[in-house]
1. Using all alpha carbons of the range 7-165, what is the percent of pairwise distances in each 5 Å bin, ordered from the shortest bin to the longest?
2. Which far-off residues, 5 or more places away or on another chain, put their amide H under 5 Å from the one on residue 194, with H placed in the peptide plane?
3. Quick one: grab the alpha carbon gyration tensor of the range 86-164, order the square roots of its eigenvalues as a ≥ b ≥ c, and give me rounded if a/c is under 1.5, else prolate or oblate depending on whether a/b is larger than b/c.
4. With the cut-off at 16 Å, report for the range 48-97 the share of all Cα pairs above it, as a whole percent.
5. Tell me the mean residue ellipticity at 222 nm calculated for the chain from its helices only (DSSP H runs of n ≥ 4, each -39500 (n - 2.57), averaged over every residue, nearest 500).
6. Compare 26, 178, 92 by solvent-accessible area with a 1.4 Å probe and give them largest first, with all protein chains kept in place.
7. Could you grab the relative contact order for the range 10-127? Cα pairs under 8 Å, six or more apart, rounded to a whole percent.
8. Skip the ligands, DNA and RNA, and give the accessible area per residue of the chain with a 1.4 Å probe, whole Å².
Amino acid sequence: ALQAHPGHPALLLSLAVLLQSVGRNREAAEKMDSMADRFTANPNALFNHVRALWSAGRLEEAEQLGGRAASLFPTHYAIFFIRLYMLLFSGRAEEAYGMAQDRARLPTGIAEEEISYVGRIARAIASPTPPSVAEAIEETSRRARLGTGLAENGIQFAAALGRPDLSFAWLEALFFSRGFVVPDIRFTAAQGTFTPRDDRMTIFLFNPAMSGLRGMPAFARITQELGLC
């Protein structure tokens, strides 16, 4: 398509997302860089650019762009969460917790309890104790069974909480329906977004939150079964 329509922004964005989905984040970030001036008013494109920069190891640039995106779209849920997760998974969980507590800057369209949950995860990561980690894991285990987006997040939270065994078990469920079946709904019926069982997202596998898992044999086995390597 790009041969027929060189430089078409929607096609470039689609290619960047595809590159992220197979772990080629440096290339994805470069694609997004090349068209950054075309998407200054598109929050979804800004979100994808921030995510690509973060996953390509360009954290400072990702945070700068995330800050600019938040100034333009202060209550957009994707911008909010990508900024929070960059804090959460880069050793600044206490800052992520503070962000989740700032009621004046919470995203619209997201239940407050969902943000409170992420705040509890941030607190457990920032100040882990056996009870706080156990409570966070128990809640995350329950939520991972309710939707694809919740499972994706739970897989990353479990890794950050020192439970890669659960991350891999939930990856098996998410992609192959082993252990339990993850429903197609992403988060809630009110949001109305779905990820079908035969088209599950893989972008999260290659972001920094999963870096500790990617050297493990179980990760190679899962990605091989998915056809990613």
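The values are calculated or read from the model by the stated rules, or taken from the named source; none is laboratory data. No experiment lies behind these values; they were computed from the predicted model shown. Keep in mind that these areas ignore ligands, DNA and RNA; they rest on the heavy atoms of the full protein, side chains included. Shrake-Rupley method; radii C 1.70, N 1.55, O 1.52, S 1.80 Å.
1. 2, 9, 17, 19, 20, 16, 11, 4, 2, 0, 0
2. Amide H neighbours of residue 194: 186.
3. Oblate shape, in that a/c is at least 1.5 and b/c is the bigger or equal ratio.
4. Cα-Cα pairs of the range 48-97 separated by over 16 Å account for 32 percent.
5. Helices in the chain give a 222 nm mean residue ellipticity of -18500 deg cm²/dmol.
6. 26, 178, 92
7. In percent, rounded to a whole number, it is 18.
8. So the chain comes to 48 Å² accessible per residue, rounded to a whole number.
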